[in-house]
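A.B. asks: Let me give you the structure first, and then I'll get to my questions.
The values are calculated or read from the model by the stated rules, or taken from the named source; none is laboratory data. Predicted model, so just to flag it, every value in this text is computed and none were measured. Neighbour counts run over all protein chains shown; Cβ positions are idealised from the backbone, glycine included.
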Amino acid sequence: MHKRTSWYSLFILVCLPIFLAKADAPADIKAYTQANQAQILQDFKALLAIPNISAVPEDMFKNADWITAYIAERGFTSEVVTAGGAPYILAEKKVPGASKSILIYAHFDGQPVEPSNWATPPFEPTLIDKPIELGGKPVEWDGKAPLNPQWRLAARSAGDDKGPVIALMAALDAMEALNITPSVNIKLVLDGEEEIGSPTLEAILKEHGHKMDAELMLFCDGPMHPSRIQQLVFGMRGSMTLELTTYGALSPLHSGHYGNFSPNPTDRLMRLLTSMTDTDGNILIKGYNDQTRPISPAEQQAIDNIPNIDAQLRHDLAIAESLGKTVRVEEGVLKPAIIVKGFQAGGVGSQSRNIIQPEATASLNLRLSAGQTPAFLREKMEAHIVEQGFVITYDDPTIEMRRENKLLAKLEWRPGPYPAFRSEIDSPEAIKLTSIMDSLSTEPTILTPTLGGSLPIYLFEEALDMPIIILPIANHDNNQHGRNENLRLQNLWDAVEIYAAILSEYDR
Ligand SMILES: [Zn+2]
């Protein structure tokens with residue numbers, strides 16, 4: 001009897017708390033978050049009140065100081081490092097007994113602001129009841145009842161991208177209060193210059209990359225799926241820019257006197273551009289798609305599982321038919337694209353004159369898909385232009401060149417091309433993360449193979465040897481980069497729960 005009681009007590013002492021902690025942890029975290037909303041919101045406001053335009057280094061260092069002090073209270077050691085640009089914060093929290101690490105990325109700089117365009121001052125975080133565009137107004141919180149989860153906090157970087165730091169620390173506070181130990185060490189890399197393209201990130205990685213060793217990198221940035229279902233993103237498109245100029249006569253010519261005699265550079269440029277793609281946007285340049293990584297069966301399955309928003313998108317955007325007709329938007333972004341984003345050749349309306357222009361210029365945005373390298377695409381693009389009969393120059397052509405060459409094209413490749421990146425959607429790390437996310441919701445996690453935008457994630461992919469998965473937490477309508485940027489409060493509370501679940505369960 002005595003023995004049985006002691007075994008039983010031992011069971012209660014050892015097993016039950018573990019069992020309970022596992023079974024109830026998400027509910028407890030939720031309860032903690034709800035009880036501590038005021039404090040979390042106050043911390044968020046304090047961080048958002050520090051201006052963070054990356055072109056102003058003093059402000060970026062103020063942000064870095066605030067963040068390092070804030071995370072030090074949660075047991076992080078950190079260093080603020082630079083490579084001739086804005087500061088980066090590298091931080092680590094070692095967890096006794098943990099053998100794996102997760103590396104978390106977020107950025108704390110924001111886009112420039114034009115305060116007169118904002119309904120509330122961009123660096124005076126203000127609660128609003130709904131998006132300003134939908135008639136939202138500032139609201140006073142009585143400090144008592146739970147905050148309305150549909151309210152938003154409006155300030156520059158509320159949605160992009162100061163939320164992760166606050167939500168992550170709130171998650172650690174909650175875990176500490178509930179006696180839940182993280183299952184992994186936590187490393188942070190916080191970028192102070194993301195909005196200007198992280199120009200010194202490569203140098204930072206070269207010097208400090210060895211400190212970022214981990215099993216998995218979570219890239220905490222970007223907006224969530226419009227359905228508000230939790231989401232993981234495994235890739236981003238790459239991007240490069242080409243300016244293309246074609247030539248006619250040396251000076252503007254009377255279109256009556258010289259039409260049908262002197263070549264028209266506008267016509268030449270239009271024909272060259274239309275030779276690059278078909279009307280569905282498929283690229284016709286020889287060999288251009290040779291490097292493109294095909295859509296894997298797991299990726300295709302993931303796309304099929306995503307709620308289809310194409311009809312709604314077409315309606316909202318007022319387009320009768322999408323390119324390729326049956327191509328879903330999630331598939332479209334997996335393909336390379338050539339977008340004519342600008343075209344300049346004479347004036348229209350009151351500016352139009354009856355002349356043949358001496359030159360015409362187009363600006364092209366090439367969107368890269370996974371596997372494609374900028375150098376390879378440049379080679380294929382140039383071969384195509386030559387095949388159309390053009391002689392290529394990289395500088396303004398001389399008068400002799402113009403006299404001698406029937407077709408001349410000046411190419412200006414803009415510096416800083418971004419390759420795409422795409423992690424495996426069915427890697428063991430991805431599967432583990434997906435199952436943790438799934439456990440928090442009745443809806444299965446949306447797994448998006450690639451988002452359309454471009455981020456310098458490829459630099460991490462090149463420098464670090466680990467899967468990189470994007471975990472967006474911001475509402476899709478956060479007005480990222482624009483006026484009245486905001487974070488919906490429910491997104492902040494959800495983020496606390498998601499981070500807590502990942503940290504406690506990843507290597508449990
Ligand atoms: Zn961002």
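A.B. asks: Right, residue 363: polar (S, T, N, Q) and out of contact with any Asp or Glu (no Cβ under 9 Å at 6 or more places or on another chain) or not?
C.D. replies: No: the conditions fail for residue 363.
A.B. asks: Those residues that are more than 16 Å from the ligand (Cβ to nearest atom), buried (at least 18 other Cβ atoms within 10 Å of the Cβ) and not aromatic (Phe, Trp, Tyr), I need them from segment 132-159; list them, please.
C.D. replies: Those that are more than 16 Å from the ligand (Cβ to nearest atom), buried (at least 18 other Cβ atoms within 10 Å of the Cβ) and not aromatic (Phe, Trp, Tyr): 132, 136, 147, 152, 153, 154.
A.B. asks: On to the next question. Answer yes if at least one residue in segment 265-275 is in a strand (DSSP E or B) and assigned by TED's automatic domain parsing to the domain that holds residue 376, and no otherwise.
C.D. replies: The answer is no, given that none of the residues of segment 265-275 is in a strand (DSSP E or B) and assigned by TED's automatic domain parsing to the domain that holds residue 376.
A.B. asks: Being surrounded by fewer than 16 Cβ atoms within 10 Å (Cβ to Cβ) and either under 22 Å from residue 306 (Cβ atoms) or of a type outside the set (D, E, K, R) (or both): is that true of residue 457 here? Give the steps one after another, and end with the answer.
C.D. replies: Numbers: surrounded by fewer than 16 Cβ atoms within 10 Å (Cβ to Cβ): no; either under 22 Å from residue 306 (Cβ atoms) or of a type outside the set (D, E, K, R) (or both): yes.
No: the conditions fail for residue 457.
A.B. asks: Could I ask something else about it? Looking for something within 16 Å of the ligand (Cβ to nearest atom) and loosely packed, with under 14 Cβ neighbours inside 10 Å - is there at least one such residue anywhere in segment 112-123?
C.D. replies: Within segment 112-123 (the criterion being within 16 Å of the ligand (Cβ to nearest atom) and loosely packed, with under 14 Cβ neighbours inside 10 Å), the answer is yes, since at least one residue qualifies.
A.B. asks: Before we move on, is residue 472 part of a loop (DSSP other than H, G, I, E, B) and within 27 Å of residue 26 (Cβ to Cβ)?
C.D. replies: Numbers: part of a loop (DSSP other than H, G, I, E, B): yes; within 27 Å of residue 26 (Cβ to Cβ): yes.
Here the answer is yes, as residue 472 does meet what is asked.
Let's see how each residue does on (1) in contact with a strand residue (DSSP E or B) (Cβ under 8 Å, 6 or more places away or on another chain); (2) away from the ligand (no atom under 16 Å from the Cβ):
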position	(1), (2)
209	no, yes
213	yes, yes
218	yes, no
222	yes, no
228	no, yes
253	yes, yes
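A.B. asks: Further question: Of the residues that sit in segment 84-103 and are over 23 Å from the mean Cα position of the chain (by Cα) and among the hydrophobic types (A, V, I, L, M, F, W, C), which one is farthest from residue 154 (Cα to Cα)? Break it down into steps so the answer makes sense when it comes.
C.D. replies: Just the residues of segment 84-103 that are over 23 Å from the mean Cα position of the chain (by Cα), to begin with: 84, 92-100.
Remaining after also requiring among the hydrophobic types (A, V, I, L, M, F, W, C): 95, 98.
On the way: 95: 35, 98: 38 Å.
The extreme case among them is 98.
A.B. asks: When both residues are 6+ apart or on different chains and their Cβ atoms are under 7 Å apart, which pairs have a first residue that lies in segment 19-48 and is in a helix (DSSP H, G or I), and a second that is modelled with pLDDT under 95 and surrounded by fewer than 18 Cβ atoms within 10 Å (Cβ to Cβ)?
C.D. replies: 34/146; 37/146; 38/143
A.B. asks: Next question, about the same structure. For segment 230-254, enumerate the residues that are farther than 30 Å from residue 414 by Cβ and surrounded by fewer than 16 Cβ atoms within 10 Å (Cβ to Cβ). Steps first, please.
C.D. replies: Filtering segment 230-254 down to residues farther than 30 Å from residue 414 by Cβ leaves 230-232, 253-254.
Matches in segment 230-254: 254 only.
A.B. asks: Turning to a different aspect of this structure: Could you list, in sequence order, the residues of segment 214-245 that are over 18 Å from residue 186 (Cβ atoms) and aliphatic (A, V, I, L, M)? Give the derivation first.
C.D. replies: Start the filter on segment 214-245 by keeping residues that are over 18 Å from residue 186 (Cβ atoms), which leaves 222-245.
If the condition is that a residue be over 18 Å from residue 186 (Cβ atoms) and aliphatic (A, V, I, L, M), then 224, 229, 232, 233, 236, 240, 242, 244 are the ones that fit.
A.B. asks: Could I ask something else about it? What is the one condition in (1) farther than 18 Å from residue 364 by Cβ; (2) in contact (Cβ under 8 Å) with a residue 24 or more places away in the chain; (3) exposed (fewer than 15 other Cβ atoms within 10 Å of the Cβ) that residue 302 does not satisfy?
C.D. replies: Evaluating residue 302 over (1) farther than 18 Å from residue 364 by Cβ; (2) in contact (Cβ under 8 Å) with a residue 24 or more places away in the chain; (3) exposed (fewer than 15 other Cβ atoms within 10 Å of the Cβ) leaves (3) as the failure.
A.B. asks: Is it the case that some residue within segment 150-164 is touching a residue at least 40 places away in the same chain (Cβ under 8 Å) and in a helix (DSSP H, G or I)? Explain how you work it out, then say what you get.
C.D. replies: Going residue by residue through segment 150-164, those that are touching a residue at least 40 places away in the same chain (Cβ under 8 Å) are 150-164.
Subset that is in a helix (DSSP H, G or I): 163-164.
Yes, segment 150-164 has at least one match.
A.B. asks: Sticking with this structure for a sec: I want to confirm something. Restricting to segment 176-199 and keeping residues that are part of a helix (DSSP H, G or I) and either out of contact with any Phe, Trp or Tyr (no Cβ under 9 Å at 6 or more places or on another chain) or within 12 Å of the ligand (Cβ to nearest atom) (or both), which single residue is nearest to residue 507 (Cα to Cα)?
C.D. replies: Among those that are part of a helix (DSSP H, G or I) and either out of contact with any Phe, Trp or Tyr (no Cβ under 9 Å at 6 or more places or on another chain) or within 12 Å of the ligand (Cβ to nearest atom) (or both), it is 176.
A.B. asks: Just checking, how many residues over segment 416-438 are hydroxyl-bearing (Ser, Thr, Tyr) and assigned to a helix (DSSP H, G or I)?
C.D. replies: Residues in segment 416-438 being hydroxyl-bearing (Ser, Thr, Tyr) and assigned to a helix (DSSP H, G or I): 2 in total.
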